[in-house]
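For reference, the structure discussed in these notes is given below.
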Amino acid sequence: MHQPALPHLTGQDPDIADLVEAEARRQFEKIRLIASENYVSPAVLEATGSVLTNKYSEGYAGRRYYEGQQNVDPIELLAIERAKGLFGVEHANVQPYSGAPANLAVYLAFLEPGDTVMGLSLPMGGHLTHGWSVSATGKWFNAVRYGVRADTGRVDMDQVRDLALKERPKLIWCGGTAIPRTIDFAAFAEIARETGAVLAADIAHIAGLVAGGAHPSPAGHADVISTTTHKTLRGPRGAMLMSTAEHAKAVDRAVFPGLQGGPHDHTTAAIAVALREAAGPDFALYARRIVANARALAGALAERGFDLVTGGTDNHLILIDLTNRGVAGKPAAQALDRAGIELNYNTVPFDPRTPFDPSGLRIGTAAITTRGLTEKHMPRLAAWIDEVVGAHDDERVIARVAGEARDLLAAHPMPGWTPAP
Ligand code: DSN
């Protein structure tokens, strides 16, 4: 049973309806550990599926290029006010379609083609749009990359400073997609100030933790903050850019008309709903539980001999280097998926293997925390991961674990869908 229900889809397009139903069941039955995913609330689903998808609203509230904005303007203004209140920022733009377009808008706001940008190298945990070579940001800008320390696996702040002093980037990114530790926004801000760079904090992964007070905030440190809205923040697929008042115009102009056309108003409404949820008292508890689960799972995995990058976690994310287990990330991730445990293979720092066949696994605890799993479940989860990684070609073990995982999750409701009685 979908909530909201899908009677028209089921009646009119059974092919798609069947696949949506199958996907809901898959999400219900799998232990979802992809660090960038979550389950949104029925209220967020309703807003996302509303008639707002029918509207065009190029421009900003009070300054649109289309008529009929009597309802869209207040929706977007509410989203903006909620973002500003939740993150303690002076300006918010809720129109970026997703994380990569949001980050591209940062380039457009602050850089000219060929200018120097500095970000965490992708295989060390950065993001494509922080200047990686295959991204437009690496092709159209002079990208220099910092890394993590070989001995700690943590961002090498000495290298960040030395590189910034040598290369004088116009823009410095902090944040990324596979960083298991707290980001020191104050230290990045000091380096940016010393070298005259704009500091952009990409908090896509940790936005929900920041909102819930479970991770320090970049507000007051970064000139601009970029985030998606669908990871730990538990909103719809979308993004936001936040900044100081000084940079508000540049950010807005870069998003529209610089990079995008009409905002996706249904997404804007769903972002507003998610931001209201994130401001509620339950969300701070949720954010703390995400971190508690990640710490408990990391501890249980380490006890079983897994080699964790940085030795553990401060946030929602765990990065496992499987080298000592004699199996690569991809076959391990595929076996775990068959065993009902969904995650992604990932590079680890200094990975001798390729990004498409790397040495690691990335785990995140946002979605399982939404399902109500707690620290007490983490040793069992670690045991399943251990068993499947050790027997990744033994389909009997894999099928047994898949059944056990299904049984565990049957007792934990999923927002947006319940199995037929
Ligand atoms: N693809 C996202 C992630 O999984 O981290 C980042 O864009």
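The values are calculated or read from the model by the stated rules, or taken from the named source; none is laboratory data. Quick caveat: nothing in here was measured; it's all calculated off a predicted structure. Counting neighbours? That spans all protein chains shown, and the Cβs are built from the backbone with ideal geometry, glycine included. Remember, those area values only see protein heavy atoms, side chains included, never the ligands or the DNA or RNA. Shrake-Rupley method; radii C 1.70, N 1.55, O 1.52, S 1.80 Å.
Structure data summary
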read-out: Cross-link partners of Lys376 among lysines (Cα-Cα below 29 Å; sequence separation of 8 or more within a chain); value: Lys30, Lys231, Lys330
read-out: Rounded percent of accessible protein surface that carbon and sulfur make up, segment 14-69, 1.4 Å probe; value: 55
read-out: Added length on full extension, which subtracts the Cα-Cα distance from 0.36 nm per residue, Asp151 to Arg168; value: 3.4 nm
read-out: Karplus 3J(HN,Hα) series, Hz, for segment 228-241 with 6.51 cos²θ - 1.76 cosθ + 1.60 (x for Gly, Pro); value: 7, 10, 10, 9, 5, 6, 6, x, x, 5, x, 7, 9, 10
read-out: For segment 298-365 versus segment 130-147, the gap between their alpha-carbon centres in whole angstrom; value: 25
read-out: Separation of alpha-carbon centers, segment 178-195 and segment 50-69, rounded to whole Å; value: 37
read-out: Percent accessible area from carbon and sulfur atoms, segment 359-413, protein chains only, probe 1.4 Å; value: 51
read-out: In segment 303-400, chymotrypsin sites (Phe, Trp or Tyr not before Pro) in a DSSP loop with at most 12 other beta-carbon atoms within 10 Å; value: Phe356
read-out: Protection-proxy order for peptides 133-140, 225-232, each taking the mean of Cβ atoms within 10 Å per residue, highest first; value: 225-232, 133-140
